[in-house]
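Here the structure comes first, spelled out in structure tokens, and everything after it is commentary.
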Amino acid sequence: MLDTHARRYIQPIIDLTADFLDRLTITANQVTIAAFVMGVFSGVTILFEQPVLAVSLLWFSGFLDAVDGSIARKHNAASPWGTLMDITFDRLVELSVILGLAWCYPGVRFLLLLLTAGIIFSMTVFLTVGALVEKKGIKSFYYQAGLAERTEGFIFLSLMTLFPGWINIFTSLFILAVTFTALQRLWEAKRIL
């Protein structure tokens, strides 16, 4: 929801960063890879009980994930390979955080497994609709908005990381948000298709 409705407020900062990196001749794919590495290290830092560093890396990774698309669009260089890397790396970053939390907090592993199942469900609908519907908008694929988009996921992952005493509650709320989003996208898909 925030990705869809609040993006316009931070887009100027994303564009300034994209312009800066572009002047350094850093490509969109290089930024995608940097965001991926940083995001995976977010999950690794959870293992070393560094929650503030983990959350900082996660959010900076997410910011760079927005910057890469701006660089690609600036050069009219959006590509299927870039889209594949972007979507795949996004899920791997989320999984690295979930795995880090599962390692540190074994009592919540089943909930984290349910969360992963919910993410798979939501992304399956999202990607299938994206493949079946003509692309439109600034993305290189059809983008289905929903209650829990990437920013909401980062908020939940951050809360789960920073407040482990509440991890059961935050994970449960995240599961509900992701499942609702999957059903929301499924309903929209039925209408579109």
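The values are calculated or read from the model by the stated rules, or taken from the named source; none is laboratory data. The structure displayed is predicted, hence computed values, not measured ones. FYI the Cβ positions are ideal-geometry reconstructions off the backbone, even for glycines, and counts take in every protein chain you see. Remember, those area values only see protein heavy atoms, side chains included, never the ligands or the DNA or RNA. Shrake-Rupley method; radii C 1.70, N 1.55, O 1.52, S 1.80 Å.
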Where the accessible area of the stretch 97-193 is counted over protein heavy atoms with a 1.4 Å probe, how much of it, in %, is carbon and sulfur?
72 percent
With all protein chains in place and a 1.4 Å probe, D86 shows an accessible area in Å² (nearest 10) of 30 Å²
In the neighborhood of L183, defined by Cβ-to-Cβ distances under 14 Å, what is the net charge if each Lys or Arg adds +1 and each Asp or Glu adds -1?
+2
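Where in the chain are the DSSP H helices whose alpha-carbon span along the long axis reaches 20 Å or more and whose Kyte-Doolittle mean is at least 1.6? Spell out each step's value before the answer.
Values: long enough: 7-23 (23 Å, -0.32); 28-47 (30 Å, 1.62); 51-74 (35 Å, 0.93); 80-104 (36 Å, 0.96); 109-132 (34 Å, 2.07); 167-192 (37 Å, 0.92).
Helices passing the filter in the chain: 28-47, 109-132.
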Could you compute how much accessible surface F180 exposes when probed at 1.4 Å, giving the result in Å² to the nearest 10?
110 Å²
Accessible area (Å², per residue) of the chain, counting only protein heavy atoms and a probe of 1.4 Å:
55 Å²
What translational diffusion coefficient, in µm²/s and rounded to a whole number, does the Stokes-Einstein relation yield for the chain at 10 °C and a viscosity of 1.306 mPa s, taking the hydrodynamic radius as the Kirkwood radius over Cα pairs?
92 µm²/s
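Beyond 18 Å, what share of the Cα-Cα pairs of the stretch 60-112 remains, rounded to the nearest whole percent?
Values: 634 of 1378 pairs.
Counting every Cα pair in the stretch 60-112, those more than 18 Å apart make up 46 percent.
Is it possible to state the helix-based mean residue ellipticity at 222 nm for the chain, with each DSSP H run of 4+ residues giving -39500 (n - 2.57), the sum divided by total residues, to the nearest 500 deg cm²/dmol? What is it? It would help to have the intermediate numbers written out before the result.
Details: 8 runs with 153 residues, N = 193.
Dividing the helical sum by the residues of the chain leaves -27000 deg cm²/dmol.
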In whole percent, the fraction of accessible protein surface over the stretch 1-75 that belongs to carbon or sulfur atoms, probe radius 1.4 Å, stands at 71 percent
Full extension from L2 to T124: what is 0.36 nm times the residue separation minus their Cα-Cα distance, to one decimal in nm?
41.9 nm
Normalising by the residue count of the stretch 1-82, find the relative contact order in percent from Cα pairs under 8 Å and 6+ residues apart.
38 percent
Using 0.36 nm per residue of separation minus the Cα-Cα distance, give me the extension gain between L113 and R191 in nm, one decimal.
25.1 nm
So for the pair L132, L24, with labels modelled 7 Å out along Cα→Cβ, what separation do we get in nm?
4.2 nm
Does the stretch 144-187 classify as rounded, prolate or oblate by the C-alpha gyration tensor (a ≥ b ≥ c root eigenvalues; a/c under 1.5 gives rounded; else a/b over b/c gives prolate, otherwise oblate)?
oblate
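Using Cα pairs under 8 angstrom and six or more residues apart, how large is the relative contact order of the chain, in percent? Display every interim value, and only then the final one.
Details: 213 pairs, mean separation 48.0, N = 193.
Result for the chain is 25 percent.
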